[in-house]
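The values are calculated or read from the model by the stated rules, or taken from the named source; none is laboratory data. Here the structure is a predicted model, which is why all the values come from computation and not from measurement. Backbone-built Cβ (ideal geometry, glycine too); neighbour counts: all protein chains shown. Areas reflect the complete protein model, heavy atoms only, side chains present, ligands, DNA and RNA absent. Shrake-Rupley method; radii C 1.70, N 1.55, O 1.52, S 1.80 Å.
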Amino acid sequence: MGALKAGVAVVDITPPPGLLLAGFAARTEPATGAHDPLTVRAVVVGDTAIVVADVIGIHEAMSARIRERCPLPSANVIVAATHTHGAPVSMADRLSAEADPAFLMAIEDGCVAALSEAAANAVPATLSVGLGADPDVARNRRHADGPLDRALPVLRIRDAAGSLLAVVVSYACHPTVLGADNRLMTADFPHFVRTTIEAAHPGAVAIFLNGCCGDVNIGHTAQASVTLNASATRTFENAERLGTRIAEAALAAPETGLGDTATAGEQWVELSLERREHDLPALAAAWDDEARTAEPVRATVLRHWANWARRYAGQPEGSWAGRVSVLDWGGLPIAALPGEIFAETGLAVRAACAGRPALVLSYADGTPGYIPPASEFGFGGYEVDEAHRFIGMPGAFAAGSAERLALAAKTLLGLPKQAATPRK
(Lines give C-alpha, C1' and ligand atoms only; values in the text may rest on other atoms or scores of the structure.)
Protein backbone atom coordinates (compact mmCIF):
# COMPACT_ATOMS: atom_id res chain seq x y z
CA MET A 1 0.00 0.00 0.00
CA GLY A 2 1.46 3.33 -1.11
CA ALA A 3 0.87 6.73 0.37
CA LEU A 4 -1.84 7.69 -2.13
CA LYS A 5 -5.11 8.84 -0.62
CA ALA A 6 -8.44 9.25 -2.39
CA GLY A 7 -11.89 10.49 -1.46
CA VAL A 8 -15.26 10.99 -3.09
CA ALA A 9 -18.36 13.06 -2.37
CA VAL A 10 -21.82 13.81 -3.81
CA VAL A 11 -23.82 17.01 -3.32
CA ASP A 12 -27.43 17.50 -4.47
CA ILE A 13 -28.01 20.79 -6.36
CA THR A 14 -31.56 20.16 -7.59
CA PRO A 15 -33.51 23.45 -7.49
CA PRO A 16 -37.27 23.80 -7.06
CA PRO A 17 -39.42 23.64 -10.23
CA GLY A 18 -39.90 26.79 -12.24
CA LEU A 19 -36.53 27.45 -13.86
CA LEU A 20 -35.96 27.33 -17.62
CA LEU A 21 -34.06 24.24 -18.73
CA ALA A 22 -31.02 24.83 -20.95
CA GLY A 23 -29.98 23.35 -24.25
CA PHE A 24 -32.91 23.59 -26.64
CA ALA A 25 -33.94 26.89 -28.23
CA ALA A 26 -37.40 25.47 -28.88
CA ARG A 27 -38.12 24.97 -25.16
CA THR A 28 -39.46 28.20 -23.65
CA GLU A 29 -41.54 26.86 -20.74
CA PRO A 30 -39.99 26.22 -17.29
CA ALA A 31 -39.29 22.92 -15.57
CA THR A 32 -42.29 21.33 -13.91
CA GLY A 33 -40.33 19.08 -11.57
CA ALA A 34 -37.43 16.63 -11.33
CA HIS A 35 -37.25 13.12 -12.71
CA ASP A 36 -33.95 12.47 -10.92
CA PRO A 37 -31.62 14.56 -8.74
CA LEU A 38 -29.10 16.94 -10.26
CA THR A 39 -25.82 16.33 -8.46
CA VAL A 40 -22.22 17.46 -8.16
CA ARG A 41 -19.73 14.59 -7.78
CA ALA A 42 -16.10 15.02 -6.81
CA VAL A 43 -13.21 12.59 -6.70
CA VAL A 44 -9.93 13.59 -5.07
CA VAL A 45 -6.72 11.63 -5.71
CA GLY A 46 -3.69 12.90 -3.83
CA ASP A 47 -3.79 16.68 -4.16
CA THR A 48 -5.59 16.54 -7.53
CA ALA A 49 -9.30 16.29 -8.29
CA ILE A 50 -12.14 16.22 -10.77
CA VAL A 51 -15.55 17.64 -9.94
CA VAL A 52 -18.46 17.25 -12.35
CA ALA A 53 -21.91 18.84 -12.23
CA ASP A 54 -25.15 17.72 -13.86
CA VAL A 55 -25.52 20.88 -15.95
CA ILE A 56 -25.04 21.80 -19.60
CA GLY A 57 -21.83 23.66 -18.92
CA ILE A 58 -19.70 25.55 -16.43
CA HIS A 59 -18.63 29.10 -17.26
CA GLU A 60 -14.87 29.57 -17.17
CA ALA A 61 -15.25 32.36 -14.60
CA MET A 62 -17.17 30.03 -12.28
CA SER A 63 -14.60 27.29 -12.80
CA ALA A 64 -11.85 29.69 -11.74
CA ARG A 65 -13.74 30.64 -8.58
CA ILE A 66 -14.41 27.00 -7.69
CA ARG A 67 -10.76 26.11 -8.10
CA GLU A 68 -9.64 29.09 -6.03
CA ARG A 69 -12.15 28.40 -3.25
CA CYS A 70 -11.51 24.66 -2.89
CA PRO A 71 -8.83 23.27 -0.51
CA LEU A 72 -6.63 21.91 -3.33
CA PRO A 73 -4.17 23.76 -5.57
CA SER A 74 -6.13 25.53 -8.31
CA ALA A 75 -3.95 24.12 -11.10
CA ASN A 76 -4.68 20.56 -9.90
CA VAL A 77 -8.47 20.63 -10.27
CA ILE A 78 -10.71 19.96 -13.28
CA VAL A 79 -14.25 21.40 -13.15
CA ALA A 80 -16.48 19.63 -15.66
CA ALA A 81 -20.11 19.27 -16.71
CA THR A 82 -21.99 16.15 -17.80
CA HIS A 83 -23.63 18.39 -20.45
CA THR A 84 -27.16 17.24 -19.72
CA HIS A 85 -29.82 19.28 -21.51
CA GLY A 86 -32.20 18.56 -18.65
CA ALA A 87 -30.88 21.08 -16.11
CA PRO A 88 -31.56 24.81 -15.68
CA VAL A 89 -29.39 27.44 -17.34
CA SER A 90 -26.01 27.16 -15.64
CA MET A 91 -23.90 29.91 -17.19
CA ALA A 92 -24.34 33.65 -16.78
CA ASP A 93 -24.73 35.60 -20.01
CA ARG A 94 -24.90 32.51 -22.23
CA LEU A 95 -27.50 30.27 -23.89
CA SER A 96 -29.79 33.20 -24.79
CA ALA A 97 -31.51 33.00 -21.41
CA GLU A 98 -31.09 34.60 -18.02
CA ALA A 99 -29.63 32.28 -15.42
CA ASP A 100 -31.11 32.15 -11.93
CA PRO A 101 -28.55 33.62 -9.47
CA ALA A 102 -29.56 31.19 -6.73
CA PHE A 103 -29.00 28.19 -8.99
CA LEU A 104 -25.64 29.55 -10.14
CA MET A 105 -24.58 29.88 -6.51
CA ALA A 106 -25.85 26.37 -5.78
CA ILE A 107 -23.63 24.99 -8.55
CA GLU A 108 -20.55 26.89 -7.39
CA ASP A 109 -21.08 26.19 -3.69
CA GLY A 110 -21.94 22.57 -4.47
CA CYS A 111 -18.70 22.05 -6.38
CA VAL A 112 -16.65 23.63 -3.58
CA ALA A 113 -18.50 21.57 -0.95
CA ALA A 114 -18.03 18.32 -2.87
CA LEU A 115 -14.32 18.96 -3.37
CA SER A 116 -13.87 19.89 0.29
CA GLU A 117 -15.78 16.84 1.52
CA ALA A 118 -13.92 14.47 -0.80
CA ALA A 119 -10.57 15.90 0.33
CA ALA A 120 -11.55 15.66 4.00
CA ASN A 121 -12.76 12.06 3.58
CA ALA A 122 -9.67 10.86 1.67
CA VAL A 123 -8.26 7.54 2.84
CA PRO A 124 -5.37 5.32 1.69
CA ALA A 125 -6.49 3.90 -1.62
CA THR A 126 -5.54 1.83 -4.66
CA LEU A 127 -6.49 2.55 -8.26
CA SER A 128 -7.16 0.24 -11.19
CA VAL A 129 -8.23 0.85 -14.77
CA GLY A 130 -9.84 -1.15 -17.54
CA LEU A 131 -11.58 -0.66 -20.86
CA GLY A 132 -15.17 -1.77 -21.21
CA ALA A 133 -16.49 -3.14 -24.49
CA ASP A 134 -18.06 -0.62 -26.87
CA PRO A 135 -21.69 -0.27 -25.72
CA ASP A 136 -22.67 0.84 -29.25
CA VAL A 137 -24.76 3.79 -28.09
CA ALA A 138 -23.07 6.78 -29.75
CA ARG A 139 -23.65 7.91 -33.35
CA ASN A 140 -21.99 10.71 -35.32
CA ARG A 141 -24.83 13.16 -35.94
CA ARG A 142 -23.11 15.01 -38.81
CA HIS A 143 -21.85 12.11 -40.95
CA ALA A 144 -23.19 8.59 -41.25
CA ASP A 145 -19.61 7.31 -41.43
CA GLY A 146 -18.19 9.97 -39.14
CA PRO A 147 -15.68 9.33 -36.36
CA LEU A 148 -16.68 8.09 -32.92
CA ASP A 149 -14.64 7.67 -29.77
CA ARG A 150 -15.87 4.23 -28.76
CA ALA A 151 -13.60 3.91 -25.72
CA LEU A 152 -15.18 3.16 -22.35
CA PRO A 153 -12.42 3.64 -19.75
CA VAL A 154 -13.33 2.62 -16.20
CA LEU A 155 -11.39 3.71 -13.12
CA ARG A 156 -12.02 1.85 -9.87
CA ILE A 157 -10.89 3.27 -6.52
CA ARG A 158 -10.69 1.02 -3.45
CA ASP A 159 -9.81 1.65 0.16
CA ALA A 160 -7.10 -0.22 2.07
CA ALA A 161 -9.51 -3.04 2.90
CA GLY A 162 -10.43 -3.50 -0.77
CA SER A 163 -13.90 -1.96 -0.51
CA LEU A 164 -14.94 -0.04 -3.59
CA LEU A 165 -15.10 3.72 -2.98
CA ALA A 166 -15.78 4.95 -6.50
CA VAL A 167 -16.24 3.87 -10.11
CA VAL A 168 -15.40 6.54 -12.66
CA VAL A 169 -16.75 5.94 -16.18
CA SER A 170 -16.17 8.06 -19.28
CA TYR A 171 -18.01 7.84 -22.58
CA ALA A 172 -18.45 10.30 -25.44
CA CYS A 173 -22.12 10.94 -26.19
CA HIS A 174 -24.44 13.93 -25.91
CA PRO A 175 -26.88 13.50 -22.99
CA THR A 176 -29.79 14.48 -25.22
CA VAL A 177 -31.85 11.34 -25.21
CA LEU A 178 -34.59 13.56 -23.81
CA GLY A 179 -35.67 16.27 -26.24
CA ALA A 180 -37.11 19.76 -26.04
CA ASP A 181 -40.55 18.42 -25.12
CA ASN A 182 -39.19 17.21 -21.76
CA ARG A 183 -39.71 19.63 -18.86
CA LEU A 184 -38.47 17.42 -16.02
CA MET A 185 -35.01 18.08 -14.62
CA THR A 186 -32.74 15.13 -15.29
CA ALA A 187 -29.13 14.09 -15.79
CA ASP A 188 -30.41 12.12 -18.82
CA PHE A 189 -28.68 8.78 -19.55
CA PRO A 190 -25.72 9.45 -17.16
CA HIS A 191 -28.22 9.14 -14.30
CA PHE A 192 -28.96 5.56 -15.30
CA VAL A 193 -25.27 4.77 -15.85
CA ARG A 194 -24.60 5.82 -12.27
CA THR A 195 -27.61 4.19 -10.61
CA THR A 196 -26.94 0.87 -12.34
CA ILE A 197 -23.30 0.86 -11.19
CA GLU A 198 -24.22 1.92 -7.66
CA ALA A 199 -26.87 -0.82 -7.45
CA ALA A 200 -24.18 -3.35 -8.37
CA HIS A 201 -21.76 -1.92 -5.78
CA PRO A 202 -23.71 -0.66 -2.75
CA GLY A 203 -21.83 2.05 -0.90
CA ALA A 204 -19.69 3.07 -3.87
CA VAL A 205 -20.14 6.34 -5.76
CA ALA A 206 -20.41 6.26 -9.54
CA ILE A 207 -19.12 9.24 -11.51
CA PHE A 208 -19.81 9.85 -15.21
CA LEU A 209 -17.43 12.04 -17.21
CA ASN A 210 -18.33 13.00 -20.76
CA GLY A 211 -15.88 12.63 -23.60
CA CYS A 212 -15.49 14.57 -26.86
CA CYS A 213 -19.01 14.39 -28.27
CA GLY A 214 -19.67 17.74 -29.94
CA ASP A 215 -20.80 15.88 -33.06
CA VAL A 216 -22.07 12.74 -31.35
CA ASN A 217 -25.42 11.72 -29.86
CA ILE A 218 -27.70 8.67 -30.07
CA GLY A 219 -28.53 9.19 -33.74
CA HIS A 220 -30.55 12.33 -34.45
CA THR A 221 -29.36 15.50 -36.18
CA ALA A 222 -28.96 18.76 -34.30
CA GLN A 223 -31.86 20.17 -36.31
CA ALA A 224 -34.07 17.34 -35.05
CA SER A 225 -33.99 19.02 -31.65
CA VAL A 226 -35.54 22.23 -32.99
CA THR A 227 -39.04 20.97 -32.25
CA LEU A 228 -41.37 20.47 -29.32
CA ASN A 229 -42.83 17.30 -30.83
CA ALA A 230 -42.41 14.10 -28.87
CA SER A 231 -40.26 11.30 -30.28
CA ALA A 232 -40.54 7.58 -29.72
CA THR A 233 -36.78 7.31 -29.09
CA ARG A 234 -36.36 10.38 -26.88
CA THR A 235 -37.91 9.08 -23.70
CA PHE A 236 -36.85 8.24 -20.16
CA GLU A 237 -37.35 4.57 -21.01
CA ASN A 238 -34.78 4.83 -23.79
CA ALA A 239 -32.43 6.86 -21.59
CA GLU A 240 -32.62 4.05 -19.03
CA ARG A 241 -32.03 1.39 -21.68
CA LEU A 242 -28.97 3.13 -23.10
CA GLY A 243 -27.57 4.18 -19.72
CA THR A 244 -27.93 0.63 -18.46
CA ARG A 245 -26.12 -0.69 -21.54
CA ILE A 246 -23.17 1.64 -20.89
CA ALA A 247 -23.12 0.72 -17.20
CA GLU A 248 -23.18 -3.02 -17.86
CA ALA A 249 -20.25 -2.69 -20.26
CA ALA A 250 -18.39 -0.68 -17.62
CA LEU A 251 -19.14 -3.22 -14.88
CA ALA A 252 -17.66 -5.98 -17.05
CA ALA A 253 -14.44 -4.05 -17.74
CA PRO A 254 -11.24 -5.81 -16.65
CA GLU A 255 -8.87 -4.28 -14.12
CA THR A 256 -5.19 -3.44 -14.21
CA GLY A 257 -3.58 -1.97 -11.13
CA LEU A 258 -2.23 1.58 -11.28
CA GLY A 259 0.55 3.30 -9.36
CA ASP A 260 0.28 5.49 -6.27
CA THR A 261 1.18 8.91 -7.67
CA ALA A 262 -0.92 11.86 -8.83
CA THR A 263 0.36 14.77 -10.90
CA ALA A 264 -1.23 17.70 -12.73
CA GLY A 265 -0.47 20.27 -15.41
CA GLU A 266 -2.34 23.03 -17.21
CA GLN A 267 -1.91 25.27 -20.24
CA TRP A 268 -3.93 28.27 -21.40
CA VAL A 269 -4.62 28.62 -25.11
CA GLU A 270 -5.81 31.84 -26.76
CA LEU A 271 -8.32 31.02 -29.50
CA SER A 272 -9.44 33.46 -32.19
CA LEU A 273 -13.13 34.01 -32.89
CA GLU A 274 -14.44 34.84 -36.33
CA ARG A 275 -17.73 36.17 -37.65
CA ARG A 276 -18.87 35.17 -41.09
CA GLU A 277 -22.06 37.19 -40.73
CA HIS A 278 -21.97 40.73 -42.16
CA ASP A 279 -24.02 43.87 -41.42
CA LEU A 280 -25.47 42.68 -38.13
CA PRO A 281 -28.09 45.47 -37.85
CA ALA A 282 -29.52 44.47 -41.23
CA LEU A 283 -29.47 40.80 -40.24
CA ALA A 284 -31.29 41.57 -36.99
CA ALA A 285 -34.01 43.43 -38.89
CA ALA A 286 -34.35 40.61 -41.43
CA TRP A 287 -34.57 37.93 -38.73
CA ASP A 288 -37.14 39.97 -36.78
CA ASP A 289 -39.18 40.38 -39.96
CA GLU A 290 -39.07 36.66 -40.74
CA ALA A 291 -40.02 35.80 -37.16
CA ARG A 292 -43.33 37.65 -37.49
CA THR A 293 -44.73 35.06 -39.87
CA ALA A 294 -42.64 32.00 -39.01
CA GLU A 295 -44.04 29.00 -37.18
CA PRO A 296 -43.56 29.36 -33.39
CA VAL A 297 -40.37 27.30 -32.88
CA ARG A 298 -38.63 28.85 -35.89
CA ALA A 299 -39.73 32.28 -34.67
CA THR A 300 -38.13 31.62 -31.27
CA VAL A 301 -34.82 30.72 -32.93
CA LEU A 302 -34.94 33.79 -35.18
CA ARG A 303 -35.56 36.09 -32.23
CA HIS A 304 -32.51 34.63 -30.46
CA TRP A 305 -30.45 35.31 -33.56
CA ALA A 306 -31.76 38.85 -33.88
CA ASN A 307 -30.97 39.59 -30.23
CA TRP A 308 -27.46 38.23 -30.78
CA ALA A 309 -26.94 40.45 -33.83
CA ARG A 310 -28.07 43.56 -31.96
CA ARG A 311 -25.88 42.71 -28.98
CA TYR A 312 -22.67 42.38 -30.99
CA ALA A 313 -23.24 44.94 -33.75
CA GLY A 314 -20.20 47.19 -33.85
CA GLN A 315 -18.15 44.95 -31.58
CA PRO A 316 -15.09 42.98 -32.73
CA GLU A 317 -15.13 39.21 -32.47
CA GLY A 318 -12.00 39.12 -30.29
CA SER A 319 -10.67 35.90 -28.81
CA TRP A 320 -11.28 33.46 -25.97
CA ALA A 321 -8.76 31.88 -23.58
CA GLY A 322 -9.29 28.19 -22.86
CA ARG A 323 -7.74 26.03 -20.16
CA VAL A 324 -6.39 22.59 -21.09
CA SER A 325 -5.49 20.42 -18.13
CA VAL A 326 -3.94 17.00 -17.70
CA LEU A 327 -3.84 14.73 -14.65
CA ASP A 328 -1.90 11.52 -14.27
CA TRP A 329 -3.33 9.13 -11.72
CA GLY A 330 -0.88 6.29 -11.19
CA GLY A 331 -0.11 6.11 -14.91
CA LEU A 332 -3.66 6.80 -16.12
CA PRO A 333 -3.65 9.93 -18.34
CA ILE A 334 -6.60 12.27 -18.00
CA ALA A 335 -6.82 15.10 -20.56
CA ALA A 336 -9.56 17.72 -20.18
CA LEU A 337 -10.49 20.20 -22.91
CA PRO A 338 -12.93 23.12 -22.77
CA GLY A 339 -15.94 23.55 -25.03
CA GLU A 340 -17.82 21.11 -27.21
CA ILE A 341 -15.03 19.09 -28.77
CA PHE A 342 -15.67 16.82 -31.75
CA ALA A 343 -14.81 13.12 -31.83
CA GLU A 344 -11.97 13.63 -34.32
CA THR A 345 -10.10 15.86 -31.86
CA GLY A 346 -10.72 13.52 -28.94
CA LEU A 347 -9.46 10.58 -30.97
CA ALA A 348 -6.30 12.51 -31.90
CA VAL A 349 -5.52 13.07 -28.22
CA ARG A 350 -6.37 9.46 -27.37
CA ALA A 351 -4.16 8.14 -30.21
CA ALA A 352 -1.24 10.06 -28.76
CA CYS A 353 -1.55 8.00 -25.57
CA ALA A 354 -0.06 5.06 -27.52
CA GLY A 355 -2.67 2.49 -26.62
CA ARG A 356 -2.83 3.24 -22.90
CA PRO A 357 -6.30 3.56 -21.38
CA ALA A 358 -6.99 7.28 -20.95
CA LEU A 359 -9.80 9.65 -20.06
CA VAL A 360 -10.20 12.30 -22.77
CA LEU A 361 -12.79 14.77 -21.52
CA SER A 362 -14.57 17.84 -22.86
CA TYR A 363 -16.94 20.41 -21.25
CA ALA A 364 -14.17 21.14 -18.76
CA ASP A 365 -13.35 24.53 -17.22
CA GLY A 366 -15.47 26.47 -19.70
CA THR A 367 -18.30 25.75 -22.15
CA PRO A 368 -18.28 28.50 -24.81
CA GLY A 369 -19.80 26.36 -27.55
CA TYR A 370 -18.62 24.14 -30.37
CA ILE A 371 -14.93 24.00 -31.31
CA PRO A 372 -14.93 21.96 -34.54
CA PRO A 373 -11.80 20.50 -36.14
CA ALA A 374 -10.59 22.22 -39.31
CA SER A 375 -11.85 19.30 -41.41
CA GLU A 376 -15.48 20.12 -40.54
CA PHE A 377 -15.59 23.75 -41.69
CA GLY A 378 -16.25 22.81 -45.30
CA PHE A 379 -19.42 20.99 -44.25
CA GLY A 380 -20.90 23.98 -42.41
CA GLY A 381 -24.07 23.29 -40.44
CA TYR A 382 -25.40 24.22 -37.04
CA GLU A 383 -22.28 23.44 -35.05
CA VAL A 384 -20.01 25.38 -37.42
CA ASP A 385 -22.14 28.29 -38.66
CA GLU A 386 -25.01 28.96 -36.25
CA ALA A 387 -24.59 27.69 -32.69
CA HIS A 388 -22.53 30.67 -31.46
CA ARG A 389 -25.57 32.92 -31.90
CA PHE A 390 -27.69 30.89 -29.48
CA ILE A 391 -24.81 30.28 -27.08
CA GLY A 392 -24.08 34.01 -27.01
CA MET A 393 -20.46 34.18 -28.15
CA PRO A 394 -19.41 37.18 -30.27
CA GLY A 395 -18.24 34.83 -33.02
CA ALA A 396 -17.55 31.22 -33.90
CA PHE A 397 -14.21 29.59 -33.15
CA ALA A 398 -11.77 29.96 -36.03
CA ALA A 399 -10.46 26.94 -37.93
CA GLY A 400 -7.44 25.48 -36.19
CA SER A 401 -8.77 26.11 -32.67
CA ALA A 402 -9.46 22.46 -31.93
CA GLU A 403 -6.03 21.47 -33.20
CA ARG A 404 -4.40 24.03 -30.90
CA LEU A 405 -6.24 22.60 -27.89
CA ALA A 406 -5.22 19.07 -28.87
CA LEU A 407 -1.61 20.15 -29.24
CA ALA A 408 -1.68 21.67 -25.76
CA ALA A 409 -3.05 18.42 -24.34
CA LYS A 410 -0.36 16.37 -26.07
CA THR A 411 2.33 18.74 -24.85
CA LEU A 412 1.10 18.39 -21.28
CA LEU A 413 0.98 14.65 -21.66
CA GLY A 414 4.65 14.81 -22.62
CA LEU A 415 4.01 12.91 -25.82
CA PRO A 416 5.11 13.55 -29.42
CA LYS A 417 3.08 16.15 -31.28
CA GLN A 418 0.87 14.50 -33.87
CA ALA A 419 -1.40 16.14 -36.40
CA ALA A 420 -5.05 15.14 -36.50
CA THR A 421 -6.10 13.10 -39.53
CA PRO A 422 -8.47 15.18 -41.65
CA ARG A 423 -11.77 13.81 -42.94
CA LYS A 424 -11.77 12.80 -46.58
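Could you calculate the FRET efficiency of residue 184 with residue 261 from 1/(1 + (r/R0)^6), where r is the beta carbon distance between them and R0 is 56 Å, rounded to 0.05? Write out the running numbers ahead of the final one.
Working: r = 43 Å, r/R0 = 0.76.
Between residue 184 and residue 261 the formula returns 0.85.
Exposure check, 1.4 Å probe, all protein chains in place: residue 274 carries approximately 60 Å² of accessible surface. Here the label points at residue 275 and residue 102, each 7 Å from Cα along the C-beta direction, are separated by 3.7 nm in the simple model.
Does the range 268-315 come out rounded, prolate or oblate by the C-alpha gyration tensor, with a ≥ b ≥ c the root eigenvalues, rounded set by a/c under 1.5 and, if not, prolate when a/b is larger than b/c and oblate if not? Here the range 268-315 falls in the prolate category. Using 0.36 nm times the number of residues separating residue 109 and residue 223, minus their current alpha carbon distance, what extension gain do you get? Between residue 109 and residue 223, full extension yields an extra 37.6 nm. A Cβ-based charge dipole, computed about the Cα centre of the chain with Lys and Arg at +1 and Asp and Glu at -1, lands at about 520 debye. Placing +1 on the Cβ of every Lys and Arg and -1 on the Cβ of every Asp and Glu, with nothing else charged, gives the range 1-98 a dipole about its Cα centre of roughly 240 debye. Using a cutoff of 8 angstrom between alpha carbon atoms and counting only pairs six or more residues apart, the relative contact order for the range 349-406 works out to 35 percent.
Per residue, the average separation of C-alpha pairs within less than 8 Å and at least 6 apart gives the range 294-375 a relative contact order of 28 percent. Given a 1.4 angstrom probe, I'd like the percentage of the accessible area of the chain that is carbon and sulfur, rounded to a whole number. Carbon and sulfur: 54 percent of the exposed surface of the chain. Only helices reaching 15 angstrom along their own axis (Cα) with mean Kyte-Doolittle hydropathy no lower than 1.0 count here, and for the DSSP H runs of the chain these are 101-120. Considering only alpha-carbon pairs that sit under 8 angstrom and 6 or more positions apart, the relative contact order computed for the range 247-343 is 40 percent. Counting only protein heavy atoms and a 1.4 Å probe, the range 150-274 has 37 square angstrom of accessible area per residue.
Peptide packing for 263-270, 84-91 was compared via the average number of neighbouring C-beta atoms within 10 Å per residue; ordered from the highest value, the list is 84-91, 263-270. In the chain, the calculated helix contribution to ellipticity at 222 nm averages -8500 deg cm²/dmol per residue, counting -39,500 (n - 2.57) for every DSSP H run with n ≥ 4. Using R0 = 41 Å, the C-beta based FRET efficiency linking residue 200 and residue 282 works out to 0.10. Just so you know, the Cα atoms of the range 1-127 work out to an Rg and Dmax of 15.4, 54 Å. Of the labelled options (i) -0.53, -1.03; (ii) -0.22, -0.92; (iii) -0.33, -1.03, which one gives log10 I(q)/I(0) by the Debye sum over Cα atoms at q = 0.06, 0.12 Å⁻¹ as computed for this structure? Given (i) -0.53, -1.03; (ii) -0.22, -0.92; (iii) -0.33, -1.03, the structure-derived one carries the label (ii).
If you take the charge dipole of the chain about its Cα centre, with +1 on Lys and Arg Cβ and -1 on Asp and Glu Cβ, which of 401, 367, 203 is farthest toward its positive end? About the Cα centre, the residue reaching furthest to the positive side is 401.
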